[in-house]
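So the structure is just underneath, and the comments pick up after that.
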Amino acid sequence: MRNKEAVKKLLGLLKDYRKIIALIIACLLISTGLNMCIPLLNRGIMDYGFIGGDKELLIKQVICSLLIYMIIAVIDIIKRKETGRYICEYTIFFIGTVV
């Protein structure tokens, strides 16, 4: 089997799972973007909150960090749920074809 034929066959198999794949990719992109914001917030917390003494900014940035961590946790739950559902369906399909 040639590479082009293998890719076409693989894409044909994945056709039924377009929405799930798109959801997982979107979750990964959002999660990555949020994870990139964390060091910036931490820098602000250290520089302006602790060292600068701005307690109001410190509280706002800590709350913002907590919200970002909560959003990332929810996104991880969604990814695991969708990935787990796919693995379960594939396992049932595989067992059904073997038996």
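The values are calculated or read from the model by the stated rules, or taken from the named source; none is laboratory data. Treat the numbers as computed from the prediction; the structure is a model and nothing was measured. Reconstructed Cβ throughout: ideal geometry from the backbone, glycine too, with neighbour counts over all protein chains shown.
For the reader, a short list of remarks on this structure follows.
- Index of the failed condition, Met1 passing every other in (1) at pLDDT below 90; (2) assigned to a helix (DSSP H, G or I): (2)
Let's see how each residue does on (1) surrounded by 12 or more Cβ atoms within 10 Å (Cβ to Cβ); (2) at pLDDT 90 or above; (3) of a type outside the set (D, E, K, R); (4) not in a helix (DSSP H, G or I):
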{"position": "Ala6", "(1), (2), (3), (4)": "no, no, yes, no"}
{"position": "Ala22", "(1), (2), (3), (4)": "no, no, yes, no"}
{"position": "Asn35", "(1), (2), (3), (4)": "yes, yes, yes, no"}
{"position": "Ile63", "(1), (2), (3), (4)": "no, yes, yes, no"}
{"position": "Ile78", "(1), (2), (3), (4)": "yes, no, yes, no"}
{"position": "Tyr86", "(1), (2), (3), (4)": "yes, no, yes, no"}
{"position": "Thr91", "(1), (2), (3), (4)": "no, no, yes, no"}
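- Selection count where residues are among the small types (Gly, Ala, Ser) and loosely packed, with under 14 Cβ neighbours inside 10 Å, scope the range 65-74: 1
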